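Notes follow once the structure below has been shown.
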Amino acid sequence: MVNDLRRLLRDSVTAPPPDRMRMTDVLGTGKRKVRRRRTAALAGVAAAVIGIVGLAGLVGGGMSPRPDDSSVADRSNDPVGRVLRLDDAEAAKEGRDYDVLTTQTNAHLDQENGQYFDGFTDDGLVFVQDGPRGKDSRVRYGLLDPETGIRSWLPTPPVHLEQPIHLGRYRLLLRAAAAPAGENGPGVWSYDRRTRQWRHLEWPDLPAGAEYSGTVLGPDNRLYVGLASGSDGETFDLWSVAIDDPADVRDEKTEVGDFDIAGTRLVWTDVSSRPISKVTVRDLETDEEDSFDPQSGDRCNQLELQATATRIVLTEHCGTKDRVRDDRIQVVDYDGEPVLTVRGDGSDIAQAGDDRLLVDSYGPKPGSYLYRFDTGDWLRVTEETSRYGLINDAWADLQTWHTPANGWRGAKQWVVRLK
Amino acid sequence: MKRDDESFTEFAAVARRGLRNTAYLLCGDWDRASDFVQEGLIRVYVAWPRLTRNGGEHAYARRAVVSAFLDAARKRSSRELPAEPDPHLNTGVDLAAIVAETATLKEALRELPARQRACVVLRYFEDLDVRATAQVLGCSEGTVKSQTSRALATLRSMFDDASLEELVVSERHA
C-alpha cells in the first residue's frame, strides 16, 4: 500500500466549507479597475505606456509582464548578433566527441529519492548526495572520483543540505534544504575536508525574516546574498557576509535582479523576471564599476544569469506565439558585445563554463546541446533530458548531463570527458 | 446586466469551485483561498473582452489565482500558514480513513516554499505538464523540474518521518 500524491491532493479538497465570496464584489472592483485603465489610456502617449505596464503587472500578478500578452505593443524583440538554433546542431557521437567516464542511474525517482551527482569539486571529484531515505530521512554526502569510481562518504551533517554553494578543494559550502527556524541567514553549512568537520555558519546581524535569492561565494572569502527588497520578487538588496566572521555583515547598498560572481567580477542585472535594460559589472578588488545595455528583447523576461571568466550568460523567456515559446540563452562579453544567442522553444541554460555552454531543451527538439567556444562546435549530445531537476556541472574537460531512465520514471546522470 | 458581465458571471460561477480548490492547496486556508480566487477573478474581469476574443479564459484565471497567491507569499513569509486544524472541515464526510495522510500532506505542503508548492499543485492536482506549469508560473521548464524535484524529495521525507506508507506519484490522468 502506498500513498499516491494525486489522490491525496484530491482527497484534501473533498469537503470545502461554504464559499463566502460575492460575485457583486468581483464585478464592482473589476469595473473600477477597468475605468481606471481607460482614464489612464486617455491621458496621452506617456500615460498609455504606463497603462500597458500596469496591465501587464496586473495580468502577471507582479511576476512578470506576460510576454504572450497580446495587449503589449510589439517593439524590438529580435536577438542581436549571431543566433544559434537547435536545428543547426549536429548529433554528437560517443568516442568521437566524448568518452563516458561514469554514470549514475536512479530507476524510480517517481517513487523514491535516489543518489545524485551534484557537481564537481575544484579538484575534479563528483559531489554525491544520497537520499533522503528511510524513516529518519537520512541523507549521505560523498565524493566520487570519476576516474577510479572510488566513492568516499562524509560524516553526516545534522541537517538536510541541498544546494551546493561552493565545492572547494579544502571546503564545501552548502545551503540547508530549509533554514533553521529563527535564524537570520540563508542556512549555510561548511565542511572542512581536512578535519572532516561540519560547521554551521550564522550571521546574527543579517536582517530578520528576509527571503534570500542567490548565495554566491566571492573572491574575498565573502558570501554574497540577495535579500528581497520589495514585494514583487524582482529586485533584491545585496548583502555580504564574511565566511569566517559571524559579526562581519555588510549591506552592499546595491539593488540587484539576478547576480553572479566570476573571478573578481560581480555581475548583476537591474531586475529579475522582467525585461532588463542594464547589466552592471563591479570589480570586487578595485570597486570599479561598468554597465551596459545587453539589448535583450523588450519583451524578454530575465530568468537567470551565469557569469564565467570571459562571458555573461543571460537566460530569457521572450514570449509565446502560436504556442511556440521563444526561449533564449544570450551570451555577451564583459564589454556588452553580443557573442551569440541560442534561440529555441523550451531552451534553458543548463550550465555555462569558460569554454562551453550546455543547453537543455524541453520543447519539440528535446535533449541537451553543447556549444564549444574554442571550436565553434554545436552538438546535440542527448535526444532527451530527464524530467527531474538534476544539477549539471563542468570541470576541466569533464561535463555532466542527464537523460531519462526506466521509461521516464527515473534518470541517468552521465559524467563524460569531452574530446 | 451587460452581455459581457453575464458571460463573465457565468464563467466565474462554473470556474470558482475548481479555482478555490487549487488556491486552498496552495495556501492551506479556505478563507484565504476565497480571497485569492476573488483577486484572480477581478483580473479575469479586467481582461475579459480580450480573453473572450482569444480564448483560454480558464488558463488565464488559473494563472491569475496562482499569481495572487505568489504575490501574497512574497509579502508574507511563505511559511505563514494556519497551524491549527482547519475549523471549516465539513463533518458530514467520513474522513477517518484519509485524515492521517491528508493531514500529513497539508503539513508537508506548509513546509515547502511557495513556488515549490505551486509546482506540486499545478503538476499533480491540476495535471498540468511541465510546459504548461512553466507558462502559469512565468518561468523556465527547467525551473519547474528542479522545483518539483525538490518539493517531492521534501514531501517524501515528511511521509517517512510520519511513519506513513511511502509517497508515490501515479501516472497522469488521460
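Residue check: A:S277 meets all listed conditions (1) within 18 Å of the chain's Cα centre (by Cα); (2) farther than 20 Å from A:G119 by Cα; (3) at pLDDT below 95 but one, namely (1).
Residues in segment A:12-24 that are over 33 Å from the mean Cα position of the chain (by Cα) and within 7 Å of chain B (Cβ to nearest Cβ): A:T14, A:A15, A:P16, A:P17, A:D19, A:R20, A:M21, A:M23. Return a yes/no flag: does segment A:61-80 have any residue that is under 27 Å from A:T382 (Cα atoms) and either at pLDDT 90 or above or more than 26 Å from the chain's Cα centre (by Cα) (or both). Looking for residues that are under 27 Å from A:T382 (Cα atoms) and either at pLDDT 90 or above or more than 26 Å from the chain's Cα centre (by Cα) (or both), one finds at least one in segment A:61-80, hence yes. Just to be sure before I move on: is B:A15 surrounded by fewer than 23 Cβ atoms within 10 Å (Cβ to Cβ), more than 10 Å from every other protein chain (Cβ to nearest Cβ) and assigned to a helix (DSSP H, G or I) in the structure I sent? Considered against the rule, which asks whether it is surrounded by fewer than 23 Cβ atoms within 10 Å (Cβ to Cβ), more than 10 Å from every other protein chain (Cβ to nearest Cβ) and assigned to a helix (DSSP H, G or I), B:A15 comes out as yes.
Residues in segment B:123-155 that are basic (K, R) and crowded, with 24+ Cβ neighbours inside 10 Å were compared, and the one that is nearest to the other protein chains (Cβ to nearest Cβ) is B:K145.
Among the residues making up segment A:80-126, those that are over 29 Å from A:E316 (Cα atoms), of a type outside the set (S, T, Y) and part of a strand (DSSP E or B) are A:E94, A:D99, A:V100, A:L101, A:Q104, A:N106, A:Q115, A:V126. The set of residues in segment B:18-62 that are closer than 14 Å to A:V13 by Cβ, out of contact with any Phe, Trp or Tyr (no Cβ under 8 Å at 6 or more places or on another chain) and facing chain A (nearest Cβ under 9 Å) comprises B:S34, B:V37.
Just the residues that are under 22 Å from B:L112 (Cα atoms) and basic (K, R), please, taken from segment A:168-202. A:R175 - this is the single residue of segment A:168-202 that is under 22 Å from B:L112 (Cα atoms) and basic (K, R). Taken over segment B:110-122, the criterion of being at the interface with chain A (Cβ under 9 Å from one of its Cβ atoms) and either among the polar types (S, T, N, Q) or over 18 Å from A:E162 (Cα atoms) (or both) is satisfied by B:V120, B:V121. Scanning segment B:156-174 for residues that are at the interface with chain A (Cβ under 7 Å from one of its Cβ atoms) and part of a helix (DSSP H, G or I) returns B:R156, B:S157, B:F159, B:D160, B:D161.
Being farther than 23 Å from A:G263 by Cα and either outside the structural domain of A:E162 (by TED's automatic domain parsing) or modelled with pLDDT of 95 or more (or both) is the requirement here; does A:Q413 meet it? For A:Q413, the condition - farther than 23 Å from A:G263 by Cα and either outside the structural domain of A:E162 (by TED's automatic domain parsing) or modelled with pLDDT of 95 or more (or both) - is met.
Here's the yes/no breakdown for (1) under 30 Å from A:G319 (Cβ atoms); (2) not β-branched (V, I, T):
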residue: A:R199; (1), (2): no, yes
residue: A:G214; (1), (2): yes, yes
residue: A:G218; (1), (2): no, yes
residue: A:S229; (1), (2): yes, yes
residue: A:D237; (1), (2): yes, yes
residue: A:A242; (1), (2): no, yes
residue: A:D245; (1), (2): no, yes
residue: A:K253; (1), (2): no, yes
residue: A:V271; (1), (2): yes, no
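Condition check ((1) within 22 Å of the chain's Cα centre (by Cα); (2) within 14 Å of another protein chain (Cβ to nearest Cβ); (3) surrounded by fewer than 19 Cβ atoms within 10 Å (Cβ to Cβ)) across all residues:
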position	(1), (2), (3)
A:K135	no, yes, yes
A:L144	no, no, no
A:T148	no, no, yes
A:P186	yes, yes, no
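Looking for something at pLDDT 85 or above, assigned to a helix (DSSP H, G or I) and of a type in the set (A, V, I, L, M) - is there at least one such residue anywhere in segment B:43-51? Yes.
The values are calculated or read from the model by the stated rules, or taken from the named source; none is laboratory data. Just so it is clear, the model here is predicted, and its values are computed rather than measured. Reconstructed Cβ throughout: ideal geometry from the backbone, glycine too, with neighbour counts over all protein chains shown.
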